[in-house]
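> Next up is a structure, given as structure tokens.
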Amino acid sequence: MSVDVYPDALVREILKKVRTIAMIGASQNSMRPSHHVMAFLLSAGYRVIPVNPGHAGEIMQGERVYGRLADIAEPVDMVDVFRASDHLMAVVDEVLAMRPTPSVIWAQLGVVDPAAAQKAEAAGLTMIMNRCPAIEYPRLITL
């Protein structure tokens with residue numbers, strides 16, 4: 001699928017279907033976008049599992065922080081990525097190694113790697129890039 005050409009119906013379906021989200025790059029710093037997005041998603045009823053190796057073992061917004069995706073012992077529906085684009089292929093590899101494998105990888109605003117998206121989609125995952133669920137949710141889901 002082409003970057004930024006995601007039908008509203010697809011995005012809406014993802015936001016309605018997903019319940020548990022692993023957030024790579026979650027931050028304790030309230031000035032960081034990932035902090036605000038995590039708070040929003042929690043308030044919208046999602047379970048958000050923060051992933052940040054620098055804060056592993058800490059509690060962030062009421063949730064235990066994991067150092068890497070492989071450390072999460074429960075199923076995850078979606079991985080939300082707050083990392084630079086050049087890290088996205090490695091994230092796709094980590095996601096593909098998870099069991100069960102999440103069905104969606106969501107790369108935040110400015111995070112784009114068409115080759116990573118192609119690899120994820122070839123493995124049967126849905127990949128959204130250069131979008132933010134905290135922007136899409138109020139736009140597409142009735143609060």
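Coordinate-derived values only; no laboratory data. Note that the structure is a prediction, hence the values are computed from the model and not measured. Cβ placement follows ideal geometry from the backbone for every residue including glycine, while neighbour counts extend to all protein chains displayed.
> For the modelled label position 7 Å from the Cα of K17 along Cα-to-Cβ, which residues of region 71-86 have backbone nitrogen atoms closer than 15 Å?
Under 15 Å, as judged by backbone N against the label point of K17, lie 76-79 of region 71-86.
> 5 Å is the cut-off here: which amide hydrogens, built 1.01 Å from N in the peptide plane, fall below it relative to V48, excluding neighbours closer than 5 in sequence?
Amide H to amide H, under 5 Å and 5 or more residues apart or across chains, V48 pairs with I21.
> Mind sorting R99, R47, R19 by how few other Cβ atoms lie within 10 Å of their own Cβ, fewest first?
R99, R19, R47
> Under the definition of Cα pairs under 8 Å and six or more residues apart, what whole-number percent is the relative contact order of the chain?
Relative contact order, the chain: 24 percent.
> Right, next: Is the shape of region 57-126 rounded, prolate or oblate, going by the alpha carbon gyration tensor and its root eigenvalues a ≥ b ≥ c, with a/c under 1.5 for rounded and a/b larger than b/c for prolate?
Because a/c hits 1.5 or more and a/b fails to exceed b/c, region 57-126 counts as oblate.
> I would also like to ask the following. Of the labelled options (i) 1.06; (ii) 1.01; (iii) 0.95, which one gives Cα Rg over 2.2 N^0.38 Å as computed for this structure?
Computed from the coordinates, Cα Rg over 2.2 N^0.38 Å corresponds to (iii).
> For D93 and R68, calculate 0.36 nm times their separation in residues minus their Cα-Cα distance, and state this gained length in nm to one decimal.
Here the answer is 7.8 nm.
> Would you calculate the separation in nanometres between label points at R47 and A123, each defined as 7 Å from the Cα along the Cα-to-beta-carbon direction?
Distance between label points: 2.2 nm.
> May I ask which residue of A107, H36, Y6 lies farthest towards the positive end of the charge dipole of the chain, with charges of +1 (Lys, Arg) and -1 (Asp, Glu) on Cβ and the Cα centre as origin?
H36
> Only helical DSSP H runs with n ≥ 4 go in: add -39500 (n - 2.57) per run for the chain, normalise by residue count and round the 222 nm mean residue ellipticity to 500 deg cm²/dmol.
Computed mean residue ellipticity for the chain: -9500 deg cm²/dmol.
> For F40, F82, what ranking results if the residue with the fewest other Cβ atoms within 10 Å of its Cβ goes first?
F40, F82
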